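Below: the structure, in structure tokens.
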Amino acid sequence: MAQNTLLINVDIGETRVGLIADGVLRELYVERRHHRSPVGNIYLGRVTRVLPGMQAAFIDIGLDRAAFLHVEDLLAEPGTEDEGEEKTKRGATKGRRNRASRKTPIRDLLQEGQQLMVQVSKGPIGTKGARVTSHVALPGRYVVFMPTVDHVGVSKRIGNDRERRRLKEVIDSVKPPQGGVVVRTLAQGLTKKKLKADIGYLVKLWEQTQEAREQVKKLPARVHEEPDIVIQSARDLFTEEVSEIVVDDRDQYQRLKEFLTLFLPERANDVRLYEGYEPLFDEYGIEEEITRALSRKVPLPSGGHLVIDQAEALTAIDVNTGRFTGKGRDVEQTILQTNLEAVREITYQLLFRNIGGLIVLDFIDMERHAHREKVFKALLQALKEDKSKTTAIRISELGLVEMTRKRTRQSLGRTLYEPCFFCDGTGRLQSKETICHEIFRQMRRERDSLPGYKIVISAHPAVCDMLDREERASLEEAARRFQRRIELNPRNDYHLEQFDLTGD
């Protein structure tokens, strides 16, 4: 197997894409037939609520929950543009002249019932609906076309200043009169002809979107849909560093060949159809790697480990030395080595699991300032390889790093797992002893409302067994105090924390 390979597993109702870099599974994407991500789709929706206090609105675009739109994501009316100067990057023009100012009252721009065309910039996550914007961005292989702004930019990942200037000059000469263009990293070294062809394709796509908008008869309606994960992966992940695409479905193999023949003809022969007997991901050892990488406890090479806990709005990653005690007597050196290993694994896990939002990294406390600086610089260097925007604050005296990572879709863990129905996602249950004492308290509350001379306790068999054995003395004391006979009724269909009291 090549060191850098793109694997596409097409199964019944589900498609998975795995990117192997340097022989390691770096990224995994999952798309299911009934849960395709709406990110990138363009909708003609209707404003359902305008919230002046939040400077935001909710838009019905036909998804399960209304989408959220902030005032800054609206196209500006004349005279309400954002006049704040942006920091000018070399190789990029200044300003986004059509962006509404955050100081503009949103009711001056939107009213309930108004028709509005928006693009999904962030998919539904947890209990939150999608986030949308009026600033459309259509990604191609080499450029992103933005029909609503006048802006030319070059990817920050293209570090060569001379190349950045060349690309900007090329784009200035071929871009349409209306609209902006951002050059993607893959465009480095490309000819004017290829860039012009990519822009031309996106301009035509925008024209088709406009035509679809004119034909809409009932709101809400989708007027543009992003390609499925198979074409997206070929467009965005099939870089020069990736030697081949291996796909296990003949129909998708043909689609990929046609797509690459049209947009990247020199790489069309780098698509290979897998026809082995074993499932593709089993053959390449990917299934085992997925299980390992999504565990709560992730081992480090030297014997330490990470513990990853993901909450609604925050992810906490704790670094532990575990059984690693170092080879010498220098405890600080042992801690430094563990923290540096943790940096590499943390950045891998953030990318692989697609963890976003607020993230707190709890490194092992380091007394030496030089060690803290070394770990933090290693973290910043490792985060440069992440395509998502990240920010990190210097290590505190408590060994904590607060950071954020932009997310546009559900994390891999939330896609593949759901909260435990038994513990309701808490990871904990009340102990059987706690439930026994709660039963005694409930008997005291209900004793006057329970008819008859007998109280029947219906509960989980494990709870009934504890009442009958360890809590037998307490059960007899309750019978004497309440002057009732107490019977146990084990119920296999009851949750461990569930019980009922009935009188007889």
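Values in this text are rule-based calculations from the coordinates and carry no lab data. As the structure is a prediction and not an experimental result, all values here were calculated from the model. Cβ: placed from backbone, ideal geometry, glycine included. Neighbour counts: every protein chain shown.
One table, with the values for the structure above:
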item: For the chain, calculated [θ]222 nm from helices alone, where every DSSP H run of n ≥ 4 adds -39500 (n - 2.57); result: -9000 deg cm²/dmol
item: Label-to-label distance, nm, for residues given as residue 388 and residue 191 (7 Å Cα→Cβ offset); result: 3.8
item: Area projected by the alpha carbon convex hull of the chain, averaged over all directions, nm²; result: 34.1
item: Mean Cα-pair separation over length for the range 296-403, i.e. relative contact order, pairs under 8 Å, 6 or more apart, %; result: 24
item: Kyte-Doolittle at least 1.6, axis length at least 27 Å by Cα - qualifying DSSP helices, the chain; result: none
item: Cα-based reach from residue 454 at 20 Å (exclusive), listing lysines while leaving out same-chain residues under 8 positions away; result: none
item: Whole-number percent relative contact order across the range 42-224, with pairs defined as alpha carbons under 8 Å at least 6 apart; result: 24
item: Contact order normalised by residue count of the chain, Cα under 8 Å, 6+ apart, percent; result: 12
item: Spatial separation of Cα centroids for the range 95-173 and the range 183-234, in angstrom; result: 14
item: FRET efficiency estimate (nearest 0.05) - Cβ-Cβ, residue 373 to residue 418, R0 45 angstrom; result: 0.65
item: Set of lysines with alpha-carbon distance to residue 128 below 18 Å, sequence-local pairs under 8 removed; result: 406
item: Positive minus negative residues near residue 220 (Lys, Arg vs Asp, Glu; Cβ under 15 Å); result: +3
item: Computed FRET value (nearest 0.05) for residue 447 with residue 313, which takes r as the C-beta separation and R₀ as 41 Å; result: 0.40
item: GluC sites (Glu not before Pro) restricted to DSSP loop in the range 383-417 with at most 12 other C-beta within 10 Å; result: 385, 397
item: Selection of GluC sites (Glu not before Pro), the range 208-263, meeting DSSP coil and at most 11 other Cβ within 10 Å; result: 240, 241
item: Label-to-label distance, nm, for residues given as residue 397 and residue 250 (7 Å Cα→Cβ offset); result: 7.0
item: Cα-projected label distance for residue 331 with residue 34, points at 7 Å along beta-carbon direction, nm; result: 5.5
item: Added length on full extension, which subtracts the Cα-Cα distance from 0.36 nm per residue, residue 12 to residue 219; result: 71.3 nm
item: Modelled FRET efficiency - R0 25 Å, residue 24 with residue 365, Cβ distances, 0.05 increments; result: 0.25
item: Residues of type lysines that residue 193 reaches as a straight line, Cα spacing below 17 Å, ignoring anything fewer than 8 places off in the same chain; result: 168, 175, 204
item: Dipole in debye (nearest 20) - the chain, about Cα centre, beta carbon charges: Lys, Arg +1; Asp, Glu -1; result: 1760
